Amino acid sequence: MKIKSNYKLREIAGENVIINQGITEANLTSIISLNTSAKLMWEKLINQEFNLEQAAQVLVDTYGIAPEQAMKDAGNWVEALKKCNILSD
């Protein structure tokens, strides 16, 4: 999977949010805010193909958490991005 290139991470009013670059109308009902861990995975995995294990490894390497917990957390992140149609397969 890969993060679609038209989505960009921006800091707005102290929040890390994903915006769909190139859309002229703002749909404020679908603003996606990222916590620190989600932002980290985004920054490490943007512009490349990745799988769930690679996303989880970012968390293991950074936070030293158990691989099982990292897989669960990375899975939640991936599912949230898929739900918002931000990932391509």
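Any read-out appearing in this document is the output of simple, stated calculations on the displayed coordinates, not a laboratory observation. All of these numbers come straight from a predicted model, not from anything done at the bench. As a convention, Cβ positions derive from the backbone with ideal geometry for all residues, glycine included, and neighbour counts pool all protein chains shown.
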Q: Please determine, in degrees from 0 to 90 and to the nearest 10, the orientation of helix 36-45 with respect to the longest principal axis defined by the Cα atoms of the chain, where the helix direction is its Cα long axis.
A: 90 degrees
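With a sphere of radius 13 Å drawn around the Cβ of residue 72, what net charge do the other residues whose Cβ falls strictly inside it have (Lys, Arg +1; Asp, Glu -1)?
On the way: positive: none; negative: 53, 68, 73, 79.
Neighbour charge sum, excluding residue 72 itself: -4.
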Q. With each run of n ≥ 4 DSSP H residues scored as -39500 (n - 2.57), what mean residue ellipticity at 222 nm is computed for the chain after dividing by its residue count and rounding to the nearest 500 deg cm²/dmol?
A. -14000 deg cm²/dmol
Q | 16 Å Cα cut-off, lysine pairs counted over the chain (separation 8 or more, or different chains) | A | 13
Q. Which whole-Hz couplings ³J(HN,Hα) result when phi for each residue of segment 62-72 is put into the Karplus expression 6.51 cos²θ - 1.76 cosθ + 1.60, θ = phi - 60°, listed in order with x for Gly and Pro?
A. 7, 9, x, 7, 5, x, 5, 5, 4, 5, 5
Q. Using only the Cα atoms, what convex hull volume per residue in Å³ does the chain have?
A. 92 Å³
